[in-house]
Amino acid sequence: MKIRHLFLFIAGVLALPAMLLTSGCKPKNIGSAVEGDAAQKVYVAPGKYDEFYNIVSGGFNGQVSVYGIPSGRLLRIIPVFSQFAENGWGYSEETKPMLNTSHGFVPWDDSHHIALSTTNGEHDGRWAFVNGNNTPRIARINLKTFRTEEIIEIPNSSGNHSSPFLTENTEYAVAGTRFSYPMDDDDSNPDVAINTYKQNFKGTVSFIGINPENGEMKVSFQVLLPGVNFDLSRGGRGPSRDWFFFSCYNTEQANTLLEVNASQKDKDFIMALNWKKCEEYVKAGKGKKSKVRYAHNVYSDKTHTGTSTIETETVVLDPKELKDIVYFMPCPKSPHGCDVDPTGEYICGSGKLAAVIPVFSFTKIQKAIADKNFEGTFDDIPVLKYDAVLHGEVKKPGLGPLHTEFDGKGFAYTSFFVSSEIVKWNIEKLEVVDRVPTYYSIGHLCVPGGPTRKPHGKYVIAYNKITKDRYLPTGPELTQSAQLYDISGDKMKLLLDFPTTGEPHYAEAIPASLITPGSVRFFKIEENQHPYAAKGEKEAKVFREGNKVHINMTSIRSHFNPDNIEGIKLGDEVYFHVTNLEQDWDVPHGFAVKGANNAEILIMPGETCTLKWTPDRVGVFPIYCTDFCSALHQEMQGYVRVSPRGSGTPLTFSMGNKAEPTGAVK
Amino acid sequence: MKINFLFRNILIVLALVALTNCTNSGAEQQSAGTDAAAPAAAGQSAVQDDMSQKDVVKVAVGSPDHTTLVTAVKAAALVDVLSNAGPFTVFAPTNAAFDKLPAGTVTDLLKPDKKEVLQDILQYHVAVAVYKTDMLQDGQVINMANGGNVTIGVKDGKYTVNGANIVASVPASNGLVHVIDAVLLPK
């Protein structure tokens with residue numbers, strides 16, 4: 001190999017003066033890693049669509065982004081937990097309630113994991129769930145509109161990382177505490193010394209019930225657990241459908257320098273939890289009612305408005321009293337990923353500091369529980385014997401195993417952060433069959449349908465942290481990236497490398513055919529129940545309520561009605577309620593006013609959005625459309641006149657070439 | 001080894017010619033001499049960057065006492081691994097430490113069919129965490145990347161790992177290098 005490289009390099013160098021640019025200047029591994037026909041395999045010609053939607057968490061940007069696969073084209077950024085000035089999410093009056101929490105308005109979060117709704121363990125294309133890691137929340141995105149429809153805060157939780165994974169029929173989404181924290185008898189967060197972790201700190205996992213009809217969420221019950229870090233989780237499927245599995249690290253219960261102190265033990269745990277049994281205990285009244293405060297925010301496509309409600313009660317189950325709901329299984333070295341194979345029989349724990357991948361058998365777990373084959377207890381919770389529940393270990397698979405996805409053909413694909421590779425292995429035989437380098441520092445990975453009973457297979461997508469060997473430098477920070485590999489053959493083949501917005505954590509991919517037929521093209525104007533909607537130009541009006549001025553305004557190619565407004569006075573709060581009258585696909589209008597301290601808004605066809613504006617000075621201010629809508633987009637503009645406090649300028653509004661102001665003033 | 005050496009020399013000779021023709025070389029031209037071996041292993045480790053703090057691999061490459069270790073790390077294909085974000089603690093045996101092994105051991109380990117054995121040994125020198133000496137305690141057990149454990153000794157202000165002396169500690173961008181005077185063999 002070396003000799004071949006040498007000759008190639010010399011040849012490249014010698015050819016340089018003539019060719020100016022040759023492969024001699026490029027990193028060789030990329031050139032040789034990609035097959036000659038890779039570009040053709042990812043090219044989607046005009047008139048054609050991608051085969052899959054790839055729905056990707058945005059990490060620190062708090063959003064979700066959507067890519068087409070195999071092209072890797074960015075299709076949309078869906079604002080979820082973070083304000084998005086680009087379209088007014090979290091700035092408009094209608095969407096501000098969506099970011100309400102028990103801590104007040106929290107306009108950002110850290111979104112890590114996607115879970116697509118399933119029926120019988122298979123993708124159904126209804127909803128995408130995503131967790132907010134920081135101020136514990138779960139959001140539900142409607143895949144008909146690709147918009148955030150609901151956000152629920154998780155009480156009794158800190159650091160909602162092992163979330164929002166789902167049960168097989170989307171009965172529940174889960175939420176587990178990464179940060180255990182002190183909880184007293186009232187489940188409040190008391191003021192105690194941090195170094196009393198072992199005595200005072202508790203963890204919880206929460207089950208968020210999902211209404212099968214409309215997807216609405218509620219905190220159904222919570223399970224009180226010892227203070228450790230819950231990391232990732234997966235619902236069982238098929239035979240294991242009544243169970244949920246959570247990886248746990250820091251079973252050392254350290255409260256400082258976890259880098260060292262949480263790596264002391266040879267084994268931490270995978271927790272197996274029987275949610276069906278929990279459900280029975282809740283029904284039987286075995287839970288304890290706990291006083292809490294959490295926000296539940298729901299957006300309506302009819303009123304085009306979000307509503308935030310503060311809830312005050314939850315039900316907590318204590319496994320110290322209910323002995324048969326939770327068991328720990330030893331798992332080597334700070335397990336991160338905890339993934340269930342499509343058959344539901346195998347649970348793979350990826351200890352990020354382990355030199356093996358342990359694979360647990362659901363059948364053996366059941367037998368060990370029945371036989372009470374325990375090696376001891378951890379905070380009164382039974383710990384099953386490792387050997388009794390183990391299907392086997394994949395030996396020396398790579399360094400730093402993180403996450404595993406499945407192709408439905410008996411193979412698993414595990415990402416390795418430290419050795420920067422994807423390793424394909426046979427689940428039954430526990431044998432490594434292929435490995436490919438990723439460039440570099442892969443975290444999560446995604447096989448379309450990988451976490452379902454019927455994976456769609458075809459590709460594995462790597463989500464990588466470091467790109468400095470191949471993306472042009474952009475100052476101290478470089479883009480994160482995804483890499484698409486073909487897994488249709490025996491060997492994985494790199495096809496494409498595409499950048500991602502934010503930092504991709506977990507992602508799912510789903511066939512477009514499950515989503516596109518139901519995709520909403522516009523909102524029906526006659527169904528618009530927004531209280532300030534102007535459902536036709538004749539309904540446009542301006543009226544005053546004390547110092548509040550409401551402008552019920554319409555937009556249609558290529559004007560606003562009204563577009564001349566006078567009589568606003570300094571000290572007024574102005575509400576521009578803009579209704580987009582278009583009933584056509586992909587014709588949003590934008591609305592912006594000079595000096596707005598919040599954002600612009602983008603209004604979808606048939607929708608009403610409200611921008612609040614508090615003028616800070618006297619004068620005439622332009623308004624205009626910010627979303628290029630037609631050949632006369634640049635003509636889509638108007639003026640708002642602001643007069644001094646106490647001025648006698650009457651409140652008037654007009655549109656068109658009329659000499660006199662039109663419209664009655666209320 | 002010979003080929004690698006030859007390759008390096010040829011590269012140095014050709015570097016100037018090559019770099020004046022590369023569009024992306026720019027400011028890195030002056031660094032071509034020091035990093036000339038890198039393109040052979042192209043990848044993350046080949047990124048030309050003389051401004052940032054050195055990672056654990058570059059620390060070892062820059063040490064005249066660690067040429068055997070560097071050769072072994074390359075033969076075991078661990079260069080890119082150790083250029084990773086880490087964090088790593090690398091216990092780095094000196095050339096003299098390798099020389100203490102029975103004659104022929106190193107040559108044997110560098111053979112392609114011994115790659116897995118070599119990887120196991122080298123990964124036994126790497127922990128995925130930063131263990132500064134002030135955090136080490138006598139009798140402390142540290143889990144290493146190969147899955148094995150080492151035991152730390154602290155006596156009279158001197159630190160040992162499995163009995164090998166830590167003779168120096170060098171901070172790196174992605175961790176820490178503790179220079180040791182004996183090769184650690186997995187138990």
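The values are calculated or read from the model by the stated rules, or taken from the named source; none is laboratory data. Just so it is clear, the model here is predicted, and its values are computed rather than measured. Note that we place each Cβ from the backbone using ideal geometry, even for glycine, and neighbour counts take in every protein chain shown.
Condition first: part of a loop (DSSP other than H, G, I, E, B) and surrounded by 15 or more Cβ atoms within 10 Å (Cβ to Cβ). Now tell me which residues in the range A:267-308 satisfy that.
The answer is A:Lys286, A:Gly287, A:Asp301, A:Thr303, A:His304.
Report whether or not B:Thr67 is modelled with pLDDT under 95, surrounded by fewer than 21 Cβ atoms within 10 Å (Cβ to Cβ) and in contact with a helix residue (DSSP H, G or I) (Cβ under 9 Å, 6 or more places away or on another chain).
no
Could you list, in sequence order, all residues of the range B:113-135 that are surrounded by fewer than 19 Cβ atoms within 10 Å (Cβ to Cβ) and in a loop (DSSP other than H, G, I, E, B)?
If the condition is that a residue be surrounded by fewer than 19 Cβ atoms within 10 Å (Cβ to Cβ) and in a loop (DSSP other than H, G, I, E, B), then B:Val130, B:Lys132 are the ones that fit.
Here are some residues: A:Lys424, A:Lys385. Which one is charged (D, E, K, R) and surrounded by fewer than 19 Cβ atoms within 10 Å (Cβ to Cβ)?
That would be A:Lys385, the only listed residue that is charged (D, E, K, R) and surrounded by fewer than 19 Cβ atoms within 10 Å (Cβ to Cβ).
Of all residues in the range A:531-587, count the ones that are under 17 Å from A:Met604 (Cα atoms) and small (Gly, Ala, Ser).
5
If you take the residues in the range A:402-420 that are at pLDDT below 95 and touching a Ser or Thr at 6+ places or on another chain (Cβ under 8 Å), which one is surrounded by the most Cβ atoms within 10 Å (Cβ to Cβ)?
A:Ser420
Return yes when A:Ile151 is surrounded by fewer than 17 Cβ atoms within 10 Å (Cβ to Cβ), out of contact with any Ser or Thr (no Cβ under 6 Å at 6 or more places or on another chain) and either acidic (Asp, Glu) or more than 26 Å from A:Asp242 (Cβ to Cβ) (or both) and no when it is not.
Judged against the criteria, A:Ile151 is not a match.
For the range A:604-644, please list each of the strands (runs of 3 or more DSSP E) lying entirely inside it that holds at least 3 residues being closer than 30 Å to A:Phe146 by Cβ.
The qualifying strands (runs of 3 or more DSSP E) are A:608-613.
Mind listing whichever residues of the range A:122-177 are on the phi > 0 side of the Ramachandran plot and in a loop (DSSP other than H, G, I, E, B)?
Across the range A:122-177, the qualifying residues are A:Phe146, A:Asn156, A:Gly159, A:Thr170.
Out of everything in the range B:42-64 that is in a loop (DSSP other than H, G, I, E, B) and crowded, with 22+ Cβ neighbours inside 10 Å, what residue ends up being modelled with the highest pLDDT?
Here the residue is B:Asp55.
With respect to A:Asp371, is the statement that it is more than 14 Å from chain B (Cβ to nearest Cβ) and touching a Pro at 6+ places or on another chain (Cβ under 7 Å) true?
No, not satisfied.
Since A:Glu526 meets every condition but one in (1) outside any helix (DSSP H, G or I); (2) at pLDDT 95 or above, which condition does it not meet?
Here A:Glu526 clears every test but (1).
Among the candidates B:Leu110, B:Leu176, which residue alone is farther than 21 Å from A:Ala354 by Cα and within 14 Å of chain A (Cβ to nearest Cβ)?
Matching residue, one of B:Leu110, B:Leu176: B:Leu110.
Exactly one condition in (1) under 37 Å from the mean Cα position of the chain (by Cα); (2) surrounded by fewer than 23 Cβ atoms within 10 Å (Cβ to Cβ); (3) without any contact (Cβ under 8 Å) to a residue 40 or more places away in the chain is not met by A:Val578; state its number.
For A:Val578, the failing item is (2).
Filter the range A:421-446 for residues that are in contact (Cβ under 8 Å) with a residue 40 or more places away in the chain and facing another protein chain (nearest Cβ under 10 Å); which is farthest from A:Ile347 (Cα to Cα)?
Residue satisfying both the conditions and the ranking: A:Tyr439.
Cβ contacts < 6 Å: first residue under 24 Å from A:Ile114 (Cα atoms) and within 10 Å of chain B (Cβ to nearest Cβ), restricted to the range A:463-480; second residue among the hydrophobic types (A, V, I, L, M, F, W, C) and in a loop (DSSP other than H, G, I, E, B), any location; separation 6+ or different chain. Result?
Correct list of pairs: A:Thr467/A:Leu478.
Answer yes if at least one residue in the range A:398-420 is outside any strand (DSSP E or B), under 30 Å from B:Gln44 (Cβ atoms), within 14 Å of another protein chain (Cβ to nearest Cβ) and among the charged types (D, E, K, R), and no otherwise.
No, there is no match, as no residue in the range A:398-420 is outside any strand (DSSP E or B), under 30 Å from B:Gln44 (Cβ atoms), within 14 Å of another protein chain (Cβ to nearest Cβ) and among the charged types (D, E, K, R).
Here are the criteria: (1) outside any loop (DSSP other than H, G, I, E, B); (2) at pLDDT below 95. Tell me which single one A:Val316 does not satisfy.
Looking at each condition in turn, A:Val316 falls short on (2).
Which numbered condition trips up B:Gly147, out of (1) away from chain A (no Cβ under 12 Å); (2) surrounded by 14 or more Cβ atoms within 10 Å (Cβ to Cβ); (3) outside any helix (DSSP H, G or I)?
(1)
Within the range A:58-82, which residues are over 14 Å from A:Ala139 (Cα atoms) and assigned to a loop (DSSP other than H, G, I, E, B)?
If the condition is that a residue be over 14 Å from A:Ala139 (Cα atoms) and assigned to a loop (DSSP other than H, G, I, E, B), then A:Phe60, A:Asn61, A:Pro70, A:Ser71, A:Gly72, A:Arg73 are the ones that fit.
So, of the residues in the range A:69-123 that are more than 16 Å from the chain's Cα centre (by Cα) and of a type in the set (A, V, I, L, M), which turns out to be surrounded by the fewest Cβ atoms within 10 Å (Cβ to Cβ)?
A:Ala85
Residues being in a helix (DSSP H, G or I) and closer than 23 Å to A:Asn133 by Cβ: count how many of those fall in the range A:178-199.
2
Mind counting the residues in the range B:50-104 that are more than 14 Å from chain A (Cβ to nearest Cβ), hydroxyl-bearing (Ser, Thr, Tyr) and over 19 Å from B:Asn165 (Cβ atoms)?
Selection size over the range B:50-104: 1.
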